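A short write-up of the structure that comes next.
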Amino acid sequence: MGYKNNNIGYVDGLLESRAVIKKNNYAVLPHEGLVNNVIPGFENCDCSILGSKKLGANFVDFIMTFQKGGKNTQGFGGEGVETLVYVIDGKLTVGDGEETHEVTTGGFVYLPAGVLMYLENAQEEKTEFFLYKKRYQPIKGQEAYKVVGNINEIEPIQYEGMKDVLLWDFLPKDLCFDMNFHILSFEPGASHGYIETHYQEHGAYLLSGKGMYNLDNEWLPVEKGDYIFMSAYVHQAAYAVGRDEPLAYVYSKDCNREPEI
């Protein structure tokens, strides 16, 4: 499960933080600093709001844990809003008002704008998941559609030809989608091939491992349970450290749309 700290009390040592917040540019939110938020419609749920408009993002990210009986029967999303849920650990029942899907660890559901997402913990134990919403950018002649899948059933590709860096794509390469979700995984010692600068923005939640992340030409330590926001054009690159597990994160990326004037 995730690292969100629900314990209350004094820490053993000085009060300090790895958090770096540069609004409208980039941010690192360490797992040990996340706090619980109450979101209407979510019951028996631990929730932290991650990326949001207040940080500079054009989307909203949440990390959530449903306790036994956790659910949202009110519906998540809304008119003009697309949603995606990714199950980190556990089992969810995900509905769209017409049909439901049992989604286990590694599974995801994308729902197009205007279709409410209903969520319920489908096991006695806790279920941890990453939740996303964004206002959809429509284009003439294209209409997004529901996608249900699991990364364990998707063949990863080598990221820019590097055998020790693998990429999983959640959504089809189809112009009807104005965003995509991915998992990027670096074996220990692997890295990006270069420091990237691009138009797209990201919200990334670290699923495993440790590493160093270059953000605006500052190298920052990151590890499992941390969240990273990267705005458009900010410098970005990572390398993985350690021996036991890859540095892997799930992240969103806007795509398939011409920049507005």
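The values are calculated or read from the model by the stated rules, or taken from the named source; none is laboratory data. Worth saying up front: this structure is predicted, and the values here are computed from it rather than measured. All Cβ positions, even for glycine, are placed from backbone atoms using ideal geometry, and neighbour counts span all protein chains on display. Please note that ligands, DNA and RNA were not included when accessible areas were found on the heavy atoms of the full protein model with its side chains. Shrake-Rupley method; radii C 1.70, N 1.55, O 1.52, S 1.80 Å.
Per atom type, the chain shows carbon and sulfur on 49% of its accessible surface, probed at 1.4 Å. If you take all other residues with their beta carbon under 14 Å from the beta carbon of Ser52, and give Lys and Arg +1 and Asp and Glu -1, the sum is +4. The residues of region 48-202 expose on average 46 square angstrom of accessible surface per residue, using a 1.4 Å probe on protein heavy atoms. If you take all other residues with their beta carbon under 11 Å from the beta carbon of Arg18, and give Lys and Arg +1 and Asp and Glu -1, the sum is -4. Accessible surface of Ser185, taken over heavy atoms with a 1.4 Å probe and every protein chain present, rounds to 10 Å².
Assuming charge only on the beta carbon of Lys and Arg (+1) and of Asp and Glu (-1), the dipole of the chain about its Cα centre is about 540 debye to the nearest 20. Structure note, pairs Lys133/Lys173; Lys54/Lys133; Lys146/Lys224; Lys173/Lys210; Lys126/Lys173: Cα-Cα distances above 26 angstrom occur for Lys146/Lys224; Lys173/Lys210; Lys126/Lys173.
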